[in-house]
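Report on one structure; see the data block that follows.
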Amino acid sequence: MHTPAALLIIDLQQGMREARLGPRNNPGAEERLAALLAHWRARDWPRVHVRHMSLSPASVFFPGQPGAEFQPAFRPAEGEQVLEKNVPDAFALSGLERWLRVRGIQRLAIAGVASENSVEATARSAGCLGFRTWVVADACFTFAKADHAGRPRSADEVHDMAMANLHGEYAEVIDSQRLLAAWP
């Protein structure tokens, strides 16, 4: 590919390790995401670290709380873009679209947490804004939760539905090995 794709790493913060969030899926997601980050860094392709900064002082993602900090494996390196958001969508009020457009970036690979929340919201906006978007399913994860009717859903069910919502209309859902093979 002639135009590099930016890697968007969504919300890989310490607070995502909180036990109170409950059971999660994709226990190897961070390892796969670290491999993607290493691949992008080795080629000096654009990397964007997005973190959620809550407006609620009670949140583990409130500025100044340890939970708001990046996980050590995903701390931005010098020259990597860092964007903060207060809502799930990384494009909303963050300057992300402008940052990408100014650099001529039209392709995005998105990975991170939570699959049905910030990952899905960001990928939907990316697709709607005309970016060619890949969501790396095995480098994303989420947590078990109840559906709108109160029925418990496993983290796998929540994740799989989020990926189904995105695939084909907003993004191509792909696994990390296939993405790395396509982008040597």
Mind checking which residues of region 132-146 are in a loop (DSSP other than H, G, I, E, B) and surrounded by 24 or more Cβ atoms within 10 Å (Cβ to Cβ)? Thr142
When both residues are 6+ apart or on different chains and their Cβ atoms are under 9 Å apart, which pairs have a first residue that lies in region 111-131 and is on the phi > 0 side of the Ramachandran plot, and a second that is in a loop (DSSP other than H, G, I, E, B) and not hydrophobic (A, V, I, L, M, F, W, C)? Gly112/Asp11; Gly130/Gln106
Going through region 71-125 in order, the residues found to be charged (D, E, K, R), closer than 24 Å to Ala162 by Cβ and open to solvent by 10 Å² or more (accessible area, probe 1.4 Å) are Glu84, Asp89, Glu97, Arg107, Glu116, Glu120, Arg124
Would you confirm, using the coordinates I've provided, whether Val158 is closer than 18 Å to Ala5 by Cβ and either open to solvent by less than 60 Å² (accessible area, probe 1.4 Å) or more than 17 Å from the chain's Cα centre (by Cα) (or both)? no
Does any residue of region 18-32 turn out to be at pLDDT 95 or above, under 17 Å from Ala121 (Cβ atoms), in contact with a helix residue (DSSP H, G or I) (Cβ under 7 Å, 6 or more places away or on another chain) and part of a loop (DSSP other than H, G, I, E, B)? no
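The values are calculated or read from the model by the stated rules, or taken from the named source; none is laboratory data. As the structure is a prediction and not an experimental result, all values here were calculated from the model. Heads up, the Cβs are rebuilt from the backbone with ideal geometry, glycines too, and the neighbour counts pull from every protein chain shown. Surface accessibility is based on the protein's heavy atoms, side chains included, excluding ligands, DNA and RNA. Shrake-Rupley method; radii C 1.70, N 1.55, O 1.52, S 1.80 Å.
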